[in-house]
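Asker: This is the structure I have questions about; it appears just below.
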Amino acid sequence: MLRVEPRREASPALTWATPVLAVVLTIVTGFFLFLLLGVDPLAALYAMFVSPLASVYGLSELCLKATPLILCATGLAIGFRAGVWNIGAEGQLILGAIFGGGIGLFWSPALGPLALPVMCLFGVLGGMLWAAIPAFLKTRLGVNEILTSLMLTYVAVLVLSTLVYGPWKDPQGYGFPQTQFFTDISPWTEIPLLLPETRLHWGFALTLLIVAGAWLFVTRSLVGFQVRVIGLAPDAAAFAGFSRTRIIWLTMLLSGGLAGLAGLLEVAGPIGQIVPTISPGYGFTAIIVAFLGRLHPLGLVAAGFLMALSFIGGENAQVEASLPQATTGVFQGLLLFWVLACDFLARYRIRLAQPAVGRAVP
Amino acid sequence: MDRPTGPPLLELRGITKQFPGVLANDRVDLKVMPGEIHALLGENGAGKSTLVKQIYGVLHPDAGEIRWNGQPVTIADPHAARALGIGMVFQHFSLFEAMSVLENVALGVDGVHDLGALARRVREVSEQYGLPLDPSRDVYSLSVGERQRIEIVRALLQDPKLLIMDEPTSVLTPQEVERLFETLRRLAAEGRSILYISHKLDEIRVLCHGATILRGGRQVAACDPRQETARSMAALMVGTQIKPPTKAAGATVGAPRLTVDGLSLPSPRAHGINLHDIRLEVCAGEVLGIAGVAGNGQAELLAALSGEMLAERPEAVRLEGRPVGRLDAAARRNAGLCFVPEERNGHGAVPDMSLAENAFLSGYRRRRLLAGGLIRTDRVAAFAREIVERFDVRTPGIANLARSLSGGNLQKFIVGREVLQEPLVLVVAQPTWGVDAGAAALIHQALLDLAARGAAVLVVSQDLDELLAITDRLAVINAGRLSRALRTAEATIEQIGLLMGGLHDTPEHQPLETALA
């Protein structure tokens, strides 16, 4: 009979080795999957994982895609550490795009050179506003934030559609559901590029700065310490006098604000206008990124790049290897599956059940 | 009273049990004669529980032999142990609160299906041995002593020849202890043997005929406790002479530091105890004790004192006259009230954080471990090291996780962390619960020294011996009401026991009413 029992202690090395092992296993599984589908596995894997990295432009696209993932995941990871399960980063990202983008559409001429900073600020505020709703419901009425934050995502999508199909539609846009380009309204709305000839902008650098700040926050600040204690031992937090309500508000607003900033950077950066679909699910993928990165700032930067690669590699595989669009989803699913499986085996071991009689000691 | 000769009922020879990293039992020998009450004595972690679990078939020895009536046996599981005639009453009861006494008994008895017949047998056995028990009552409505009777009756229904009792008196009032001893003596007179696990030396001296003392997994002595003094057995148990805690001579009691004035609070938990008009005062330089059987409102009172639960009026709790009843735990700590909770892992300390981080947990404000909202890791490490050194915490280093420490070491760390903050008032719950004698002595001395330096110390404990040893005054909590405080030196055990059993100054006091309020 097989029996599952917890390991006495998980080694720190194993904790970091499992994500790497999961990536390797994903690639191996993908290899056989392509073989079964009658696709040349090496060519397909090359198209997915190597060719996107083979040029400066490819690398810049990788960083560009990783930016919203890492931003959202940084905020979510801090919340997850406190046991606050904000699942609605996608909706908060959309609200950030609406608030910040709205500034760009209507007030940027008046703001002049301040347009972009104010857009960023309102992007953050928009995300915070959307996250404040589940925070309020949880702290005042005890409503589960997983449900409310998730459902608010669908509300956010509808708000966005209402705006771009209705009042915010570009009158000169031939009826397409999209707003004017921000740069047509004011040149000060443009995010400067980090690398010429690419789409990579300074938002990426800002993101890395925010990650460093988050790391300092979690490891060195009193509030970050409170976040960790509340997640690890709620009674000990009460003993120390840390307010759970305060930490719920703080982590919800932080993760919402960062998601909102991610949304603003998308519309003000590579997209350049507000459209009905701003994100291919960055807010949801960020949840995977947070856990894959072990809720650790450095880990989730690596995980952010990995998931960005799966997005770009999936697109690339459609073009170069004529693989279906579902490839991206399949690989993200495989990766999550292997991460969870490896995690389980790192924390538990499977043994054959022992007979009831004890063994003799030599 | 000499025991009959002939083969012992139970004999262990060279029992050895190895766990990863620790040799829990090292060639332990033990003999229990028929009709003997035999004590198994040792500190926490001495290997007592491991040894009896092997007798009861929960664990299996790595080496050595178990003989039953002179014959070598292998005890595969508790079912096999019961079939041999071994019964066990565990320290932590395994009862379903929402079920009746009878249903609980039926669940624990092998092969019984006729509840009517079982109910008759429960009544018979409980009358025969002086264990009054109503089979139809629901368990949640019973006191701890009554719950223990269920476990004993359940074991006795199997007609055991050997009854193992694990720390049975730790939850009982003195009167209940006396009643239990009568039952045990009656069982022994019938020729049944009892293996009595305890670390309470006075009990063993009045109850037991023989004793086996374990230390660090080894059997260090087999003696007749009637011939020994409590002190000599303590020395065998601990390995060194334990110094009783000493009070500084000429210590004076100063102004009131902590005042609780008419504190009434409904418990936030289901089946919790509501606090009724609690009044107490602890002065500078004084140790006040609160005795009581577990589950009489101690948890609620402690939460109301620490600030984890807020009083309805700020004046209900006062610190040096200043109302703090509506302040949270952090604000009260800043005002000078420190707290050692009963539960170490997960309440007093975060098990998955390092000792340094746990030092920071409650000490960051009073020990100034912050600068501009950031943690000053150098000062945190220095504070943690100071605790480890001053309170003799055995650990490889302050980077180790709190969960890696033994109970006694973690308790020394937590008490040290609070004492070194030099609070005006220290509230301590169960300071030495499950802690070995050496650590207990150190903790008691630290509390007395703190009081001698002018702090007010409030100790809430179920261990009456502890309270008698270190407190100046003593009050008893029962059903959410606190008795007036007696001078410890003048209080008698009987007086305290009656208060613990619920006989308060108000004779018409009805427990049911308070439970429903």
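Asker: For region A:123-189, which semi-axes, largest first and in whole Å, follow from the square roots of 5 times the eigenvalues of its Cα gyration tensor? Walk me through the intermediate numbers first.
Answerer: Working: eigenvalues 212, 44, 9 Å².
Three semi-axes, in Å: 33, 15, 7.
Asker: Please compute the average number of Cβ atoms from other chains found within 10 Å of each residue's Cβ in peptide B:362-374.
Answerer: Working: counts 4, 1, 3, 3, 0, 0, 0, 1, 3, 0, 2, 6, 7.
Taking the mean over all residues of the peptide, I get 2.
Asker: Moving on. If the convex hull of the alpha-carbon atoms of region A:46-130 is projected onto planes in all directions, what is the mean projected area in square nanometres? Don't skip to the end; give the middle numbers.
Answerer: On the way: hull surface 31.1 nm².
Averaging across all directions leaves 7.8 nm² for the Cα convex hull.
Asker: Could you tell me whether chain A comes out rounded, prolate or oblate from its Cα gyration tensor? Rule is a ≥ b ≥ c as square roots of the eigenvalues, rounded for a/c under 1.5, then prolate if a/b exceeds b/c, otherwise oblate.
Answerer: Details: a/c = 2.18, a/b = 1.33, b/c = 1.64.
Verdict is oblate for chain A.
Asker: Turning to a different aspect of this structure: Over all pairs of distinct alpha carbons, what does the Kirkwood formula give as the hydrodynamic radius of chain B, in Å? Could the numbers behind the result be given before it?
Answerer: Working: mean 1/r = 0.0406 Å⁻¹.
Mean inverse Cα-Cα distance, inverted, gives 24.6 Å.
Asker: Hey, can you grab everything whose amide H is under 5 Å from the amide H of B:Val428? Only 5+ residues off in sequence or another chain; H modelled, so Pro and N-termini drop out.
Answerer: Placed amide hydrogens put B:Val340, B:Leu458, B:Val459, B:Val460 under 5 Å from B:Val428.
Asker: What would the Debye equation give as log₁₀ I(q)/I(0) for the protein assembly as shown at q = 0.07 Å⁻¹, counting only Cα atoms as equal point scatterers?
Answerer: -0.73
Asker: Also: 5 Å is the cut-off here: which amide hydrogens, built 1.01 Å from N in the peptide plane, fall below it relative to A:Trp202, excluding neighbours closer than 5 in sequence?
Answerer: Amide H neighbours of A:Trp202: A:Leu194.
Asker: Hey, in the GNM for chain A with a 10 angstrom Cα cutoff, which one of A:Ala13, A:Ala47, A:Ala97 fluctuates hardest?
Answerer: A:Ala13
Asker: In the protein assembly as shown, how many lysine pairs have Cα atoms under 29 Å apart, counting only pairs 8 or more places apart or on different chains?
Answerer: 24
Asker: Another question, if that's okay. Could you work out the mean projected area of the convex hull around the alpha carbons of region B:87-216, in square nanometres to one decimal? Walk me through the intermediate numbers first.
Answerer: Values: hull surface 33.0 nm².
Spelled out: convex hull of the Cα atoms, projected over all directions, averaged, 8.3 nm².
Asker: Right, something else. What is the gain in length, in nm to one decimal, between B:Gln495 and B:Ala221 on full extension, counting 0.36 nm per residue of separation less the C-alpha to C-alpha distance? Display every interim value, and only then the final one.
Answerer: Values: separation 274, 0.36 × 274 = 98.64 nm, distance 3.62 nm.
Answer, rounded to one decimal: 95.0 nm.
Asker: Please report Rg over Rh for region B:233-373, where both radii come from the alpha carbon positions and Rh follows the Kirkwood definition.
Answerer: On the way: Rg = 18.0 Å, Rh = 17.6 Å.
Ratio value, two decimals: 1.02.
Asker: Let me ask something else. Dipole magnitude of region A:70-304 about its Cα centre, charges +1 at Lys/Arg Cβ and -1 at Asp/Glu Cβ only, in debye to the nearest 20? Please list the in-between numbers first.
Answerer: Values: 10 positive and 8 negative charges, 156 e Å.
Its charge dipole is roughly 740 debye.
Asker: Go ahead and estimate [θ] at 222 nm for the protein assembly as shown from helices alone: -39,500 (n - 2.57) per DSSP H run with n ≥ 4, summed, over the residue count, rounded to 500.
Answerer: Mean residue ellipticity, 222 nm, calculated: -15000 deg cm²/dmol.
Asker: Would you kindly give the portion of the calculated P(r) for region B:412-470 that falls above 18 Å, as a percent of all Cα pairs?
Answerer: Numbers: 398 of 1711 pairs.
In whole percent, the share of Cα-Cα pairs in region B:412-470 beyond 18 Å is 23.
Asker: At 10 °C and a viscosity of 1.306 mPa s, what translational diffusion coefficient does Stokes-Einstein give for region B:333-469, taking Rh as the Kirkwood radius over Cα pairs? Give it in µm²/s as a whole number.
Answerer: Numbers: Rh = 14.9 Å.
Taking Rh from Cα pairs, D becomes 107 µm²/s.
Asker: How big is the Kirkwood radius of region A:261-362, worked out from every pair of different alpha carbons and given in Å to one decimal? Numbers along the way, then the final one.
Answerer: Values: mean 1/r = 0.0595 Å⁻¹.
Mean inverse Cα-Cα distance, inverted, gives 16.8 Å.
Asker: What is the Rg over Rh value, at two decimals, for region A:1-148, using alpha-carbon atoms and the Kirkwood definition of Rh? Intermediate results must be reported in sequence, preceding the final value.
Answerer: Numbers: Rg = 22.1 Å, Rh = 19.9 Å.
The Rg/Rh ratio comes out at 1.11.
Asker: Taking N as the number of residues in region B:251-315, what is its alpha-carbon radius of gyration divided by 2.2 N^0.38 Å? Could you put the intermediate results ahead of the total?
Answerer: Working: Rg = 12.9 Å, N = 65, 2.2 N^0.38 = 10.7 Å.
This ratio for region B:251-315 stands at 1.20.
Asker: Using only alpha carbons, build the gyration tensor for region B:40-102 and give me the equivalent ellipsoid semi-axes, biggest first, whole Å. Intermediate values should be presented prior to the final figure.
Answerer: Details: eigenvalues 120, 61, 18 Å².
One finds semi-axes of 24, 17, 10 Å for region B:40-102.
Asker: Further, regarding this structure: Kirkwood hydrodynamic radius for region B:292-357: how many Å is it when counted over pairs of different Cα atoms?
Answerer: Working: mean 1/r = 0.0769 Å⁻¹.
Here the Kirkwood hydrodynamic radius works out to 13.0 Å.
Asker: Work out from phi, with θ = phi - 60° and the Karplus expression 6.51 cos²θ - 1.76 cosθ + 1.60, the ³J(HN,Hα) of each residue of region B:78-91, listed in order in whole Hz, and give x for Gly and Pro.
Answerer: x, 4, 5, 4, 5, 4, 6, x, 10, x, 9, 10, 7, 5
Asker: Further question on the same structure: Please give the per residue volume of the convex hull enclosing the alpha carbon atoms of region B:133-197, rounded to a whole number of Å³. Mind showing how you got there, number by number?
Answerer: Values: hull volume 5.7 nm³, N = 65.
Given the Cα convex hull of region B:133-197, per-residue volume reads 87 Å³.
Asker: Take each of the peptides A:195-203, B:203-211, A:167-175, average the number of other beta-carbon atoms within 10 Å over its residues, and list them starting from the highest. Display every interim value, and only then the final one.
Answerer: Working: A:195-203: 16.1, B:203-211: 20.2, A:167-175: 11.9.
In decreasing order of mean packing, A:195-203, B:203-211, A:167-175 become B:203-211, A:195-203, A:167-175.
Asker: On average over all directions, what projected area in square nanometres does region A:153-297 have, based on the convex hull of its Cα atoms? Working shown, then result.
Answerer: Working: hull surface 45.0 nm².
Directional mean of the projected Cα hull area for region A:153-297 stands at 11.3 nm².
Asker: Using the Karplus curve 6.51 cos²θ - 1.76 cosθ + 1.60 with θ = phi - 60°, what ³J(HN,Hα) values do you get for each residue of region B:218-230, in whole Hz, with x for Gly and Pro?
Answerer: Each residue of region B:218-230 in turn: 9, 7, 9, 6, 10, 9, 9, x, 6, 8, 9, 9, 4 Hz.
All of the numbers you see were taken from the coordinates with simple rules; none came from a lab. Because the structure is predicted, anything quoted here is derived from the model rather than measured. We place every Cβ from the backbone using ideal geometry, glycine too, and count neighbours over all the protein chains shown.
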